[in-house]
Amino acid sequence: FGAFHSDSLWPMVQHRFPRLAKEQEGLTATGLKKDQFFVGDISGLYKSGNVAVDVKVDTHNNVSTKVTLNDVFHSKKVALSFNIPDHKSGKVSTKVTLNDVFQSKRVALSFNIPDYKSGKLDVQYLHPHAAIDSSIGLNPAPRLELSAAIGSKDLSVGAEVGFNTTSASFTKYNAGIAFNKPDLSATLMLADKGEALKASYIHYVDRPDGLTVAAELAHRLSSSENRFTFGTSQLIDPKTVLKTRFSDDGKAAFQCQRAWRPNSLITLSAEYDSTKIFGSPAKFGLALSLKP
């Protein structure tokens, strides 16, 4: 089920529609049945003042809990997380954020206790036509990540790079260019350390149901392999969104999400793989989100 939501095409088309429910306290259940196996989890979120408690239980009887305290002191966020029955997983996560250290600059320092090697420093710089985001680990062998973008509302160019100081090698380097208009969006990306070239196009059709059509073409430079994916998203009614996805590798999928009551969602997903010989070629998913 999770694979349907993490697909590269649907996130491109789903931002056309606002979420039918706001992120707030509530109950969420997800499940996946594949062949004879069923896996799922139930998570609950409760917020009161500056305290948030998030509890998640899965089908393997694992319980994970996270308690977050905001504004303990000025610009400080503290989180305590642990798993049951693994009491050794307990850790305290602390994040200190300073906004407007200089004009349009944000600095964040985060670390886990007792894992002193988890320290990380994030620095962000924002400008109306440019943005820079950098991160470096605070340990003897830090990893450095840097991303930057420049442009306007119509045209933008961006790149990101990751560097491992221990091996003196790049962990990632990607670049892309995007062109946006009110009724369309087109992007061209060089990804996977220059191994893949991806082009995508989204068109917003001027119709009452807000039909959105998207397509993505991916080319592997090393193997000359091509992949093509096509998807759509549209409103069936004011409370229901239907999404479809088709790819040239023989897979077809759909997702239907309905707000059956205020702030509560039910999502049905299905995928069919025509190339699968052994096992069931179909997968089905169900997600239920209950929020007050």
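Rounding to the nearest 20 debye, state how big the charge dipole of the stretch 194-291 is about its Cα centre with +1 on each Lys and Arg Cβ and -1 on each Asp and Glu Cβ.
Numbers: 13 positive and 10 negative charges, 87 e Å.
So the dipole magnitude of the stretch 194-291 works out to roughly 420 debye.
When a/c reaches 1.5 or more, the comparison of a/b and b/c decides; with that in mind, is the stretch 183-247 rounded, prolate or oblate per its Cα gyration tensor? Please report the intermediate quantities before stating the final value.
Values: a/c = 3.70, a/b = 2.48, b/c = 1.49.
Cα axes put the stretch 183-247 in the prolate bin.
Is the shape of the stretch 194-291 best called rounded, prolate or oblate, per the rule: a/c under 1.5 gives rounded, else a/b larger than b/c gives prolate, else oblate, with a ≥ b ≥ c the square roots of the Cα gyration tensor eigenvalues? Don't skip to the answer; put the middle values down first.
Values: a/c = 2.56, a/b = 1.45, b/c = 1.76.
Here the stretch 194-291 falls in the oblate category.
Mean separation of Cα pairs under 8 Å and 6+ residues apart, divided by the residue count of the stretch 194-291: what relative contact order is that in percent?
16
Can you bin every Cα-Cα distance in the stretch 142-204 into 10 Å intervals starting at zero and give me the percent of pairs per bin, rounded to whole numbers?
Taking all Cα pairs of the stretch 142-204, the binned fractions are 21, 41, 26, 10, 2 percent.
Read the figures in this text as sums done on the coordinates, not as results from a lab. All of these numbers come straight from a predicted model, not from anything done at the bench. All Cβ positions, glycine included, derive from the backbone under ideal geometry; neighbour counts span all protein chains shown.
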